[in-house]
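Structure, as structure tokens:
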Amino acid sequence: MKLWVPSDAAAKACGAEPLVAAIAAQAAVRGQQIEICRNGSRGMVWLEPLVEVETEAGRVGFGPMTVADVPALFDDPERHPKALGLVEEIPFFKRQTRLTFARCGQIEPLSLDQYQAAGGWEGLRKALAMAPASVVEEITASGLRGRGGAGFPTGIKWRTVLEAEAPQKYIVCNVDEGDSGSFADRMLIEGDPFCLIEGMAIAGHAVGATQGYIYIRSEYPDCVRVMRKAIALAETAGLLAEAGFALEVRVGAGAYVCGEETAMLNSIEGKRGTVRPKPPLPALEGLFGHPTVVNNLLSLAAVPWIMAHGGQAYQRFGIDRSRGTIPLQVGGNVKYGGLFETGFGITLGELVVGVCGGTASGRPVKAVQVGGPLGAYHPQADFDLPFCYELFAGQGGLVGHAGLVVHDDSADMLQLARFAMEFCAVESCGTCTPCRIGAVRGVETLDRIAAGDATALPLLDDLCDTMKYGSLCALGGFTPYPVQSAIRHFPQDFPVAREAAE
Ligand SMILES: Cc1cc2nc3c(=O)[nH]c(=O)nc-3n(C[C@H](O)[C@H](O)[C@H](O)COP(=O)(O)O)c2cc1C
């Protein structure tokens, strides 16, 4: 029997390690030969640890598995109470369009053979045979926009770095992934790390950079270990030398603001992680003062597929100016939480209710925060909103890194708004006064509102405007969005706002 048990941190958190030990022990007791392979996660987190057993028809899933469920796996798998049928037929999985995450969960993350057999290096091979400018054109044609939050067109960023004349250029991959609800960067590295190496090597060839850095948050120790191992394997196999590219992992120290690209560059340089004014753009004066491509992991991991299949093929997915697929990550109070990769255009309601089954508590959905701690709280009235950068912005929100946190009707939106302000106060790097001081005053003002002080409401509005327009980066600039959306959509939770409306 050949089994697959994820080594992904989410599966481990749900008990994958004792499960593997129990499976091995059970096989030994029965004198049965088995092979246990460790894959990444399929992204169906509510089923973790998800055990897969290879059959002639395909891989059959069992989950969420516990140690107590192991003996039955050896007795009669077909009648196992946790049997799920073919993994790729599970509706949550089947409804997806997996381009970036195509291999994640399918292969052993550190197997170069399996990576190659599943289409790995095809994009890099094609790119290396092309002139750098043509690679940039292909990325531009794909319509790929930065998946880290701002949605900036990746092709334009790459062209700026390509055209900059400098003796040294860099590719920096942003895996700071601090947004609430998001985990796609971690899952990709823990499930398919060579995909990121391939994407970064393509970016290096496209812009003329010979060195790359992967900045990973310290809260992701498994991710750091897998990435370092993958780089070492690619080096030993001569793959990086062939591409003329070197790679190094740098580990953050636990500051949200270090996900902001200029603070991250400071952090990599060994400096304190505070934001730099722009201009100069990192594309022209980035890491150590040299032209630098800073991209989110999901942007870079989309690149191998684009190069292998062509920019036109990628841009056929999606709507309006939001092209390709988006790996949506759904967490919080949700029945079927996990990673769902699909073309832009799926609506918020279709995702949260149709795909993810609504709340885990079974109560009505009250609000969904999209795009991390700086994203707006969306009410059910927004459920027809399609995932699209411009349409979300038009609704006072953002797609961001596409992390969603679902809340049921027991959520207190005043407290959630207060949390947003408090988060900003704690995480502010202190460079801009409206962010550093404004967030502290924001918490105090929300406390006055909670105490029924009606004079505090217009103050909060003024304060939010000052923060929006007076902060260099989106930490201070976007914190007002969750606060103002909470007041706008849920006035019943703000006693003085309700009175004003009546
Ligand atoms: C406070 C703050 C935190 C951020 N955190 C992240 C992060 O964790 N990961 C990320 O890729 N981008 C993050 N960003 C966005 C980056 O500054 C930058 O836009 C992005 O890495 C560029 O890559 P992309 O074009 O591929 O999205 C953050 C921005 C701000 C203002």
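Quick notes
- Single match in A411, A456, A497, A402 (criterion: more than 29 Å from A263 (Cα to Cα), in contact with a strand residue (DSSP E or B) (Cβ under 6 Å, 6 or more places away or on another chain) and crowded, with 16+ Cβ neighbours inside 10 Å): A411
- Taken together, the residues in segment 269-300 that are in a helix (DSSP H, G or I), closer than 19 Å to A201 by Cβ and more than 10 Å from the ligand (Cβ to nearest atom) amount to 1.
- Those residues of segment 140-178 which are more than 12 Å from the ligand (Cβ to nearest atom) and in a loop (DSSP other than H, G, I, E, B), in sequence order: G143, A164, E165, A166, P167, Q168, K169
- The residues of segment 12-42 that are under 26 Å from F194 (Cα atoms) and in contact with a Lys or Arg (Cβ under 9 Å, 6 or more places away or on another chain), listed by number, are A16, V20, E35, I36, C37, G40.
- Within the span defined as segment 419-432, one or more residues are in a loop (DSSP other than H, G, I, E, B) and closer than 18 Å to V483 by Cβ.
- Options R276, R250, R228: the member that is touching a strand residue (DSSP E or B) at 6+ places or on another chain (Cβ under 7 Å) and without any contact (Cβ under 8 Å) to a residue 24 or more places away in the chain: R228
- Here G259 clears all of (1) free of Cβ contacts under 8 Å to residues at least 40 places away in the same chain; (2) within 16 Å of the ligand (Cβ to nearest atom) except the condition numbered (1).
- Verdict on A393 being assigned to a helix (DSSP H, G or I) and out of contact with any Lys or Arg (no Cβ under 8 Å at 6 or more places or on another chain): yes
- All positions within segment 110-125 that are over 17 Å from W305 (Cα atoms) and either in a loop (DSSP other than H, G, I, E, B) or open to solvent by less than 10 Å² (accessible area, probe 1.4 Å) (or both): L110, S111
- Listed conditions (1) within 15 Å of the ligand (Cβ to nearest atom); (2) touching a helix residue (DSSP H, G or I) at 6+ places or on another chain (Cβ under 9 Å) are all met by R441, apart from (1).
- Selection within segment 201-226: residues that are within 12 Å of the ligand (Cβ to nearest atom) and open to solvent by less than 10 Å² (accessible area, probe 1.4 Å). The member of this set that is farthest from K12 (Cα to Cα) is A203.
- Restricting segment 309-336 to residues that are more than 16 Å from the ligand (Cβ to nearest atom) and open to solvent by less than 10 Å² (accessible area, probe 1.4 Å) leaves a set whose member that is nearest to the chain's Cα centre (by Cα) is V330.
- Within the option set L73, L47, being under 20 Å from the mean Cα position of the chain (by Cα), over 27 Å from L144 (Cα atoms) and either surrounded by fewer than 18 Cβ atoms within 10 Å (Cβ to Cβ) or modelled with pLDDT of 95 or more (or both) holds for one residue only, L47.
- Segment 301-341, residues that are under 20 Å from W158 (Cβ atoms), outside any loop (DSSP other than H, G, I, E, B) and among the small types (G, A, S): A301, A302, A308, G311, A313, G318, S322
- Check on G362, in contact with a strand residue (DSSP E or B) (Cβ under 6 Å, 6 or more places away or on another chain) and open to solvent by 50 Å² or more (accessible area, probe 1.4 Å): no
- In this structure, L233 does not qualify as in contact with a strand residue (DSSP E or B) (Cβ under 7 Å, 6 or more places away or on another chain), in a helix (DSSP H, G or I) and among the hydrophobic types (A, V, I, L, M, F, W, C).
- Failed item, numbered, when G105 is tested on (1) assigned to a helix (DSSP H, G or I); (2) out of contact with any Leu (no Cβ under 6 Å at 6 or more places or on another chain); (3) open to solvent by less than 60 Å² (accessible area, probe 1.4 Å): (1)
- If the condition is being part of a loop (DSSP other than H, G, I, E, B), within 16 Å of the ligand (Cβ to nearest atom) and either open to solvent by 10 Å² or more (accessible area, probe 1.4 Å) or touching a strand residue (DSSP E or B) at 6+ places or on another chain (Cβ under 8 Å) (or both), then segment 460-494 contributes S471, L472, C473.
- Criterion (within 14 Å of the ligand (Cβ to nearest atom), assigned by TED's automatic domain parsing to the domain that holds L233, at pLDDT 95 or above and of a type in the set (K, R)) met by exactly one of R186, R125: R186
The values are calculated or read from the model by the stated rules, or taken from the named source; none is laboratory data. Remember, predicted model here, so these are calculated numbers, not experimental data. Glycine also receives a Cβ, built like all others from the backbone with ideal geometry; neighbour counts cover every protein chain displayed. Accessible surface areas use protein heavy atoms only, side chains included; no ligands, DNA or RNA. Shrake-Rupley method; radii C 1.70, N 1.55, O 1.52, S 1.80 Å.
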